[in-house]
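S.K.: I'd like to ask some things about the structure below.
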Ligand SMILES: [Fe+2]
């Protein structure tokens, strides 16, 4: 590496000079240059971390006693990265994960907001999300999308608590000062037709016919069923060489783009005994264990995971995924900020 300059610190400047600069709304940028651009490599503040669903579940259930829905709007326990300031409400610098609970008969009010959201259903039956009046049933493992500025609410017609993992990109929107929410009115009735995954987009490879130049909707599918994803992973696994990882991405069926503009969702099966080493890259990654006996290694830390546990892997981490079972497959959903980084020109892979 070329010579690294030892830059002047702010304290080396006369205090009257600094104060005058401050009064005029400027500061000597060279004194903070190394903080915003560390020499040689990024210095992630976010940390690798594991969140245990078994430990958190009782506290989430207690929240149903402690806070009524009308006092929470959404009853969510946010997963806070220990390396990031709490007020950022961030699991990684670009990603928020949080467990949401809805009890039988409850309604979470209608609203819309700038940040995009998706839910990964963790447990329970009978809940639904409506997006612009389309009623999307939520079954375990499903990914349900509520795109930016689309009206949505949640309801629960079942008998047991329903839990899902909220995934939002507000950590990107908040520093840009564009994040807000608008309250809406609960609809009296919903479109009870089957959702688009069962109609327009029920056949892989087929999309609605359009005249040349006609625009497809930006978010044509809002529900991605886990049972189909799981089946596809198993089928792909059957025809994939042992040394090739099985990894499928969720996409917009109209254009192949990521289902969120900012975040990539993908699903993995890790076969019994298999270890998968990921490319070291600039991306922030989250892993949500759907089933199985996963061991996730992030740099020097190894996390033994149970079903529904969650692990964060910050930028430039060395990550490997291992299935500790010799008989059962392991399934996980990965969420990362690749689309954002590619669009911004930040994405890189490193050795
Ligand atoms: Fe929302």
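S.K.: List, please: which pairs have Cβ atoms under 6 Å, are six or more places apart or on different chains, and start with a residue in the range 135-157 that is within 14 Å of residue 229 (Cα to Cα) and end with one that is in a strand (DSSP E or B) and within 13 Å of the ligand (Cβ to nearest atom)?
M.R.: 143/118; 144/119; 144/129
S.K.: Among the residues of the range 167-177, is there at least one that is closer than 22 Å to residue 193 by Cβ, in contact with a strand residue (DSSP E or B) (Cβ under 7 Å, 6 or more places away or on another chain), crowded, with 22+ Cβ neighbours inside 10 Å and at pLDDT 95 or above?
M.R.: No, the range 167-177 contains no residue that is closer than 22 Å to residue 193 by Cβ, in contact with a strand residue (DSSP E or B) (Cβ under 7 Å, 6 or more places away or on another chain), crowded, with 22+ Cβ neighbours inside 10 Å and at pLDDT 95 or above.
S.K.: Of the residues that make up the range 107-118, is at least one touching a residue at least 60 places away in the same chain (Cβ under 8 Å), crowded, with 20+ Cβ neighbours inside 10 Å, in a loop (DSSP other than H, G, I, E, B) and within 15 Å of the ligand (Cβ to nearest atom)?
M.R.: yes
S.K.: Name the residues in the range 119-133 that are farther than 23 Å from residue 95 by Cα and either surrounded by fewer than 18 Cβ atoms within 10 Å (Cβ to Cβ) or away from the ligand (no atom under 15 Å from the Cβ) (or both), would you?
M.R.: Residues satisfying the conditions are 124, 125, 126, 132, 133.
S.K.: Given the options 69, 103, name the one that is more than 16 Å from the ligand (Cβ to nearest atom) and surrounded by fewer than 20 Cβ atoms within 10 Å (Cβ to Cβ).
M.R.: Within the list 69, 103, the selection yields 103.
S.K.: A follow-up question, please. Residue check: is residue 276 farther than 25 Å from residue 47 by Cβ, without any contact (Cβ under 8 Å) to a residue 60 or more places away in the chain and over 16 Å from the mean Cα position of the chain (by Cα)? Walk me through how you get there before you give the answer.
M.R.: Details: farther than 25 Å from residue 47 by Cβ: no; without any contact (Cβ under 8 Å) to a residue 60 or more places away in the chain: yes; over 16 Å from the mean Cα position of the chain (by Cα): yes.
No, not satisfied.
S.K.: In the range 229-273, how many residues are free of Cβ contacts under 8 Å to residues at least 12 places away in the same chain and within 23 Å of residue 134 (Cβ to Cβ)?
M.R.: Number of matching residues: 2.
S.K.: A follow-up question, please. So, of the residues in the range 134-150 that are crowded, with 22+ Cβ neighbours inside 10 Å and over 19 Å from residue 258 (Cα atoms), which turns out to be nearest to the chain's Cα centre (by Cα)?
M.R.: Filtering first and then ranking leaves 138.
S.K.: Tell me, yes or no, whether the range 83-91 has at least one residue that is within 16 Å of the ligand (Cβ to nearest atom), modelled with pLDDT of 95 or more, within 26 Å of residue 305 (Cβ to Cβ) and in contact with a helix residue (DSSP H, G or I) (Cβ under 9 Å, 6 or more places away or on another chain). Don't jump to the end; show me each part of the working.
M.R.: Going residue by residue through the range 83-91, those that are within 16 Å of the ligand (Cβ to nearest atom) are 89.
Restricting the remaining residues to those that are modelled with pLDDT of 95 or more gives 89.
Imposing the further condition that a residue be within 26 Å of residue 305 (Cβ to Cβ) reduces the set to 89.
Add one more test, that the residue is in contact with a helix residue (DSSP H, G or I) (Cβ under 9 Å, 6 or more places away or on another chain), and what stays is 89.
The answer is yes, given that some residue of the range 83-91 is within 16 Å of the ligand (Cβ to nearest atom), modelled with pLDDT of 95 or more, within 26 Å of residue 305 (Cβ to Cβ) and in contact with a helix residue (DSSP H, G or I) (Cβ under 9 Å, 6 or more places away or on another chain).
S.K.: If you scan the range 312-336, which residues turn out to be outside any strand (DSSP E or B) and over 22 Å from residue 141 (Cβ atoms)? Before you say what the answer is, go through the steps one by one.
M.R.: Residues of the range 312-336 that are outside any strand (DSSP E or B), as a first pass: 314-318, 324-329.
314, 315, 316, 317, 318, 326 - these are the residues of the range 312-336 that are outside any strand (DSSP E or B) and over 22 Å from residue 141 (Cβ atoms).
S.K.: Return yes when residue 220 is under 25 Å from residue 253 (Cα atoms), without any contact (Cβ under 8 Å) to a residue 40 or more places away in the chain and surrounded by 16 or more Cβ atoms within 10 Å (Cβ to Cβ) and no when it is not. Steps first, please.
M.R.: Values: under 25 Å from residue 253 (Cα atoms): yes; without any contact (Cβ under 8 Å) to a residue 40 or more places away in the chain: yes; surrounded by 16 or more Cβ atoms within 10 Å (Cβ to Cβ): yes.
Yes, satisfied.
S.K.: Here's another thing I want to ask about it. Within the range 56-74, track down each residue that is under 19 Å from residue 117 (Cβ atoms) and modelled with pLDDT under 95.
M.R.: 69, 72, 73, 74
S.K.: Looking only at the range 220-246, count every residue that is in a strand (DSSP E or B) and under 17 Å from the mean Cα position of the chain (by Cα) and tell me the total. Spell out how you get there, then give the answer.
M.R.: Pass one, the range 220-246, residues in a strand (DSSP E or B): 223-224, 246.
Subsequent filtering for residues that are under 17 Å from the mean Cα position of the chain (by Cα) retains 223-224.
Of the residues in that region, 2 qualify.
S.K.: Among what's in the range 72-82 and is within 11 Å of the ligand (Cβ to nearest atom) and over 21 Å from residue 311 (Cβ atoms), pick the residue that is surrounded by the fewest Cβ atoms within 10 Å (Cβ to Cβ).
M.R.: Per the stated criteria, the residue is 73.
S.K.: Sticking with this structure for a sec: Which residues, taken from the range 299-311, are part of a strand (DSSP E or B) and more than 25 Å from residue 121 (Cα to Cα)?
M.R.: Kept after step one, since they are part of a strand (DSSP E or B), are these residues of the range 299-311: 301-304, 310-311.
Passing the criteria: 301, 302.
The values are calculated or read from the model by the stated rules, or taken from the named source; none is laboratory data. Predicted model, so just to flag it, every value in this text is computed and none were measured. Cβ coordinates were reconstructed from backbone atoms using ideal geometry, including for glycine residues, and neighbour counts include every protein chain displayed.
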